[in-house]
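Down below is the structure, laid out as structure tokens.
What follows is calculated from the coordinates using simple rules that are stated; it is not laboratory data. None of the values given here were measured: they were computed from a predicted structure. Every residue, glycine as well, gets a Cβ built from its backbone with ideal geometry; the counts of neighbours run over all protein chains shown.
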Amino acid sequence: MFDGVRDLYNKTILERGRKPLHMRALADYDATAKGDNPMCGDRVEVWVKLAESGVIAETGYKARGCEISVVSADLMVEAVAGHSPAATRALFSSFRQMVETGICADCAKALQPLQPLSAVHKYKSRIKCATLPWHALIAALDGTTASVSSEGGST
Amino acid sequence: MIDLARIRADFPILGETIRGKPLVFLDSAASAQKPRPVIAAMVHAMEHQYANIHRGLHWMSERTTEAYEQARDAVATLINANDRHEIIFTGNSTGAINLLAHSYGRGIMKPGQAVVISEMEHHSNIVPWQMLRDQHGIELRIAPITDAGELDLNAFEALLSDGRVGLVSITHMSNVLGTYTPAERICQISHAHGAKVMFDGSQAIVHRRIDVQALGADFYCFTGHKLYGPTGIGVLWGKRELLNAMPPFMGGGDMISSVSFEASKWAEVPHKFEAGTPAIIEGIGLKAAIDYVQAVGYDAIAAHEAALTDHALARLGNVEGLTILGRAQDRGGVISFTLAGAHPHDVATLLDRQGIAVRAGHHCAEPLMRRLGVDSTARASFGIYTTPGEIDALADTLEKIREFFT
């Protein structure tokens, strides 16, 4: 019955949704921020630990929300490991392009861990679910204290 | 009994297919679909009978004024208002509640008085009162609901016992739980403690005959687009002596009897509250919607929807892992639910792929979501055109979704 949605709800998404690999709070962290999409009820909190070199050593998150937002957070943790804040922002920019348009022009190796979310662009109402944890991560790196959202027009 | 096939034939959109599957529209509580007579009336107005109203001396203006004012008569009859001048057109229910919060809240109530709302209000019946609280020194009190999702009448009465409550503004039917509130009792209790009562009837009037005088209400509001009419038009009804005492909310054309640069005189109700060119075509559409509903008849509508709701509660109740929120004795065709192991948004996406439209989210009722201990729910809501087969399709698909995620 749901063959048509296997592109979005693929094996990775379903498995990770059932059993996220990286959902945990960090006790020792350098930055943290919250993301909140009140219209759908998706919430995420992100913690980041930086290495001495300034790259991301570890990312943790807690999420309450739909499959797409939770799995996006889980995959994000893997994708940003070892990235500098600048590289993380660039990666988000490519990721956002992929989930908004389906086109990933410079679909570099860095985007590979995020490929399971490549069909999100076909589900317009779900793009904001995929980008919410990234908004929280970038907010943490920026030192933003207010909760951020991907609702209200801008994903 | 209702002739479902004939009714469905009146709603052109129900013939649409979504990705090759017939549209199963279970989101009428957000906004209902429109029958052909509503569409035709609005098109007819624009093609044959349109000009600005209440001011022209020419044939077109006179005829358009007449058509628009017939909508006021239709509303007055629909809710059994004592007087057609008690019908004020607004943009929607939100507009009606804001009008009341300004004109009654700031114009009549005094700082130190209180407004009571309930725990199961739509944001539109929360935020205007918070603004009144913050700007005018009015206390805002929240009447709790029980775990069954019904108004706790004892706690409600206790909130009024100090006599400081000037106004109770409460839903007549929850847009999340489908619960009807006991309107007559609310009015009796409120009046005994000196408070006036406003009902948000946005959902209730779609499903039940509303008699504002029999309820004992002081104010009542609803919106056209949920009642099979167009967007952009809603109604505030109020008792005439209350409306007469209230200052206007917005100033402008149409609401004055005379204007000079020193001062202006207000028009009589309802025009005092209807500044500016109104939603003329939408008013004409609303009249067609009311005529349609009246022709089907509220007895038939209520019987149809009660049967649908019973059927849905039974079918959905049998879906493994599905929890229905609220179990009020007196409830209608709005059912919120969660499905274990599947977030409401994922549920809605998968339903959508089968052509089934439900709402998922907080339903503009975040405080109620917190009270129920959930972040969001999926909601199926029924209309005059909903069939038992559509509810079966929903239940069958939810079973499959449950399997999909486990």
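Surrounded by fewer than 22 Cβ atoms within 10 Å (Cβ to Cβ) and among the hydroxyl-bearing types (S, T, Y): does that describe B:T94?
yes
Looking only at residues in the range B:70-84 that are outside any helix (DSSP H, G or I) and not acidic (D, E), which one is nearest to B:T223 (Cα to Cα)?
Here the answer is B:I79.
Tell me, please, whether a residue that is surrounded by 23 or more Cβ atoms within 10 Å (Cβ to Cβ) and closer than 15 Å to B:H172 by Cβ can be found in the range B:128-144.
Within the range B:128-144, one or more residues are surrounded by 23 or more Cβ atoms within 10 Å (Cβ to Cβ) and closer than 15 Å to B:H172 by Cβ.
Six or more apart or on different chains, Cβ atoms under 6 Å: show the pairs whose first residue is in the range B:160-183 and small (G, A, S) and whose second is in a helix (DSSP H, G or I).
Pairs that qualify, where the first residue is small (G, A, S) and the partner is in a helix (DSSP H, G or I), are B:S169/B:N125; B:A183/B:L215.
So, in the range A:1-27, of the ones that are basic (K, R) and surrounded by fewer than 16 Cβ atoms within 10 Å (Cβ to Cβ), which residue ends up nearest to B:D396 (Cα to Cα)?
Here the residue is A:R6.
Pairs under 6 Å by beta carbon, first residue on the phi > 0 side of the Ramachandran plot in the range B:315-326, partner exposed (fewer than 15 other Cβ atoms within 10 Å of the Cβ), six or more apart or different chains?
Once the first residue is on the phi > 0 side of the Ramachandran plot and sits in the range B:315-326, its partners that are exposed (fewer than 15 other Cβ atoms within 10 Å of the Cβ) give B:G321/B:A340.
From the set of residues in the range A:33-58 that are exposed (fewer than 15 other Cβ atoms within 10 Å of the Cβ) and of a type in the set (G, A, S), which is farthest from the other protein chains (Cβ to nearest Cβ)? Reasoning before the result, please.
Step one: list which residues in the range A:33-58 are exposed (fewer than 15 other Cβ atoms within 10 Å of the Cβ), which gives A:51-54.
Now restrict to residues that are of a type in the set (G, A, S): A:51, A:53-54.
On the way: A:A51: 34, A:S53: 38, A:G54: 35 Å.
Within the range A:33-58, the match that is farthest from the other protein chains (Cβ to nearest Cβ) is A:S53.
Can you name every residue in the range B:356-389 that is away from chain A (no Cβ under 12 Å), within 20 Å of B:H207 (Cα to Cα) and surrounded by 22 or more Cβ atoms within 10 Å (Cβ to Cβ)?
B:V358, B:R379, B:A380, B:S381, B:F382, B:G383, B:I384, B:Y385, B:T386
Show me the helices (runs of 4 or more DSSP H) entirely contained within the range B:147-244 in which 3 or more residues are aliphatic (A, V, I, L, M) and out of contact with any Asp or Glu (no Cβ under 8 Å at 6 or more places or on another chain).
B:153-160, B:183-192, B:204-207
Within the range A:17-32, identify whether any single residue is within 14 Å of chain B (Cβ to nearest Cβ), charged (D, E, K, R), over 13 Å from the mean Cα position of the chain (by Cα) and under 29 Å from B:I356 (Cα atoms), and answer yes or no. Reasoning before the result, please.
Step one: of the range A:17-32, the residues within 14 Å of chain B (Cβ to nearest Cβ) are A:17-20.
Retained after the next criterion (residues that are charged (D, E, K, R)): A:18-19.
The next check asks that each one be over 13 Å from the mean Cα position of the chain (by Cα); those that pass are A:18-19.
From the residues that got through so far, the ones that are under 29 Å from B:I356 (Cα atoms) too are A:18-19.
Yes, there is a match, as at least one residue in the range A:17-32 is within 14 Å of chain B (Cβ to nearest Cβ), charged (D, E, K, R), over 13 Å from the mean Cα position of the chain (by Cα) and under 29 Å from B:I356 (Cα atoms).
Looking only at the range B:305-355, count how many residues are more than 12 Å from chain A (Cβ to nearest Cβ), among the charged types (D, E, K, R) and in a helix (DSSP H, G or I).
Total meeting the criteria: 3.
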